Amino acid sequence: MEYTFNRSPFTGKEAKHLANVMKSGKICGDGLYTKRCNQWIEEKTGAAGAYLTTSCTQALEMSALLTEIRPGDEVILPSYTFVSTANAFALRGAQLVFVDIRPDTNNIDETLIEGAITDKTKAIVPVHYAGVGCEMDTICAIAAEHGLTVIEDAAQGVMAFYKGRALGSIGDYGCFSFHETKNYSMGEGGAILIKDPQKTDMAEIVREKGTDRSRFLRGQVDKYSWVSIGSSYLPSELNAAYLWPQLEMAEEINQARLVCWNRYFEDLRDLQEAGRIRLPVIPAECEHNAHMFYLKTADLEERTRLIAWLKEQGVQAVFHYVPLHSARAGKLYGRFHGEDRYTTKESERLVRLPMYYGLTPEDVGSIAERIHAFFAQK
Ligand SMILES: *Cc1c(COP(=O)(O)O)cnc(C)c1O
């Protein structure tokens with residue numbers, strides 16, 4: 001048996017919904033399916049407004065525009081994240097200030113944020129790694145005290161919660177991903193979530209090329225015009241129609257993923273107890289969504305051997321992120337605040353195991369056996 005690392009979520013109902021859009025003859029954005037998806041997100045998360053975008057990358061770029069980030073402003077984020085978290089703000093001329101992560105969750109260490117704030121700081125961008133919430137109460141309190149905007153990179157956090165609140169709905173803006181590697185997919189896609197009802201109009205304007213076309217379509221203004229800078233962030237109805245049946249089945253997909261995640265955890269627990277590996281930590285405040293299952297080896301050398309061993313055994317396991325502050329662009333556009341105690345070290349130990357909708361607990365059992373065999377070798 002071969003185990004691929006990821007499969008795009010699929011319900012079997014996508015074709016029917018795609019055909020509906022094609023029959024309607026209207027495949028541009030903001031039709032019936034986009035509205036359904038937006039409404040679903042608003043209901044699930046409690047956001048005042050939610051809008052599908054063409055990617056999470058674009059949702060992050062929108063949030064940078066909405067925050068009015070200007071050249072010379074500083075933005076605080078972890079270095080252990082995907083490039084889009086950083087690009088969105090560097091594109092607006094911001095200086096990136098990378099803060100170390102916590103070794104338990106790989107999330108930004110909230111206790112180090114305050115020390116990284118200067119009079120140029122405009123925003124804090126927590127990334128909910130693996131769908132496990134950052135310490136949002138602390139982060140939002142720091143932001144409120146210093147007048148900063150909080151933008152959640154919740155690309156991995158759809159259907160995950162912190163103290164009962166949906167990830168993406170806690171800060172001023174939240175960004176979801178519906179890329180094919182995420183829990184729910186429209187191929188390429190995402191969404192922006194807006195907390196403050198006063199800010200949804202501006203979000204609609206920025207998303208519609210800086211025009212008030214949305215208000216015009218609702219009959220609130222009698223002609224539409226250029227109001228602000230913006231871009232085209234809305235996806236085609238075809239993409240929204242592909243996503244919709246997955247959102248309808250979100251509880252079921254989420255449960256199936258959690259069953260596999262829990263099976264990994266149970267099957268590998270003895271290796272953690274023997275001190276051979278580290279398993280993910282889920283803080284008591286967090287309800288995660290099994291976006292990812294990872295383990296941590298002793299070091300980089302052991303990780304390289306484990307990945308090669310699993311490959312020989314037909315299991316595709318991968319690692320990610322090379323810390324952004326060590327990359328060429330990271331050095332050009334940012335700086336690391338304080339000491340890199342965990343970012344590099346933890347990133348070098350982490351291995352991601354196969355996890356997707358359609359993986360079975362039995363599959364997980366056999367993958368775990370192969371991991372046991374690796375550690376039994378020596
Ligand atoms: C996937 C991901 C993104 C980018 O999502 P896209 O929809 O592909 O643009 C951004 N941030 C994080 C943390 C991600 O995991």
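Nothing in this text is a laboratory measurement; each read-out follows from the coordinates by a stated rule. Please read these numbers as outputs of a predicted model, since none were measured by experiment. In this analysis, Cβ positions are derived from the backbone assuming ideal geometry, glycine residues included, and neighbour counts consider all displayed protein chains.
Okay, here's what the table says:
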{"item": "Qualifying lysines (Cα of each under 22 Å from Cα of Lys23; at least 8 residues distant if same chain)", "result": "Lys13, Lys35"}
{"item": "Positive-end residue, segment 261-378 charge dipole about Cα centroid, Cβ charges, pick of Tyr333, Ile371, Ile277", "result": "Tyr333"}
{"item": "Mean separation of Cα contacts under 8 Å, 6 or more apart, over the residue count of the chain: relative contact order %", "result": "23 percent"}
{"item": "Extension reserve of the Leu217-Asp201 stretch, reckoned as 0.36 nm per residue once the Cα distance is removed", "result": "4.5 nm"}
{"item": "Ratio Rg/Rh, restricted to segment 248-366 and using Cα atoms, in which Rh is the Kirkwood radius", "result": "1.01"}
{"item": "Neighbour net charge for Ala368 - beta-carbon separation under 12 angstrom, K R +1, D E -1", "result": "-3"}
{"item": "Average projection area in nm² (convex hull over Cα atoms of segment 155-304, one quarter of hull surface)", "result": "12.2 nm²"}
{"item": "Proximal aspartates and glutamates relative to Lys345, as straight alpha-carbon distance under 15 Å, when same-chain residues fewer than 8 apart are discounted", "result": "Asp100, Asp104, Asp109, Asp299, Glu301, Glu302"}
{"item": "Cβ-derived FRET efficiency at R0 56 Å, Asp299 paired with Ile229, nearest 0.05", "result": "0.75"}
{"item": "Centre separation in Å (Cα based) which lies between segment 294-357 and segment 21-46", "result": "37 Å"}
{"item": "Convex hull projection area averaged over all views, segment 296-346, Cα basis, nm²", "result": "4.3 nm²"}
{"item": "Cβ-defined net charge surrounding Arg269, 15 Å radius [Lys, Arg +1; Asp, Glu -1]", "result": "-1"}
{"item": "Percent of alpha-carbon pairs separated by more than 39 Å within the chain", "result": "17 percent"}
{"item": "Rel. contact order, % - alpha carbon contacts under 8 angstrom, at least six apart, segment 265-378", "result": "34 percent"}
{"item": "Projected-area average for segment 156-199 over all orientations - Cα convex hull basis, square nanometres", "result": "3.2 nm²"}
{"item": "For segment 43-188, size of Cβ-based charge dipole, Lys and Arg +1, Asp and Glu -1, in debye", "result": "280 debye"}
{"item": "Stokes-Einstein D (µm²/s) once Rh is taken as the Kirkwood radius of segment 80-218 over alpha-carbon pairs, at 20 °C in 1.002 mPa s", "result": "134 µm²/s"}
{"item": "Average Cα contact separation per residue, segment 32-116, under 8 Å, 6 or more apart, as relative contact order %", "result": "22 percent"}
{"item": "12 Å beta-carbon shell around Asp212, net charge (K/R +1, D/E -1)", "result": "+2"}
{"item": "Cα-based Kirkwood hydrodynamic radius, segment 1-131, one decimal, Å", "result": "17.7 Å"}
{"item": "Number of Lys pairs (Cα under 30 Å; 8 or more positions apart or on different chains) in segment 100-257", "result": "19"}
{"item": "Inter-label distance, nm, simple model (7 Å from Cα along the C-beta direction), Arg165/Val259", "result": "3.3 nm"}
{"item": "Of Gly31, Thr138, Ile113, farthest towards positive along the dipole that unit charges on Lys, Arg, Asp, Glu beta carbons give segment 1-140", "result": "Gly31"}
{"item": "Nearest-20 debye value, the chain charge dipole, Cβ charges on Lys, Arg, Asp, Glu", "result": "940 debye"}
{"item": "Fully extended contour minus Cα-Cα distance, from Arg70 to Thr138, at 0.36 nm per residue", "result": "21.9 nm"}
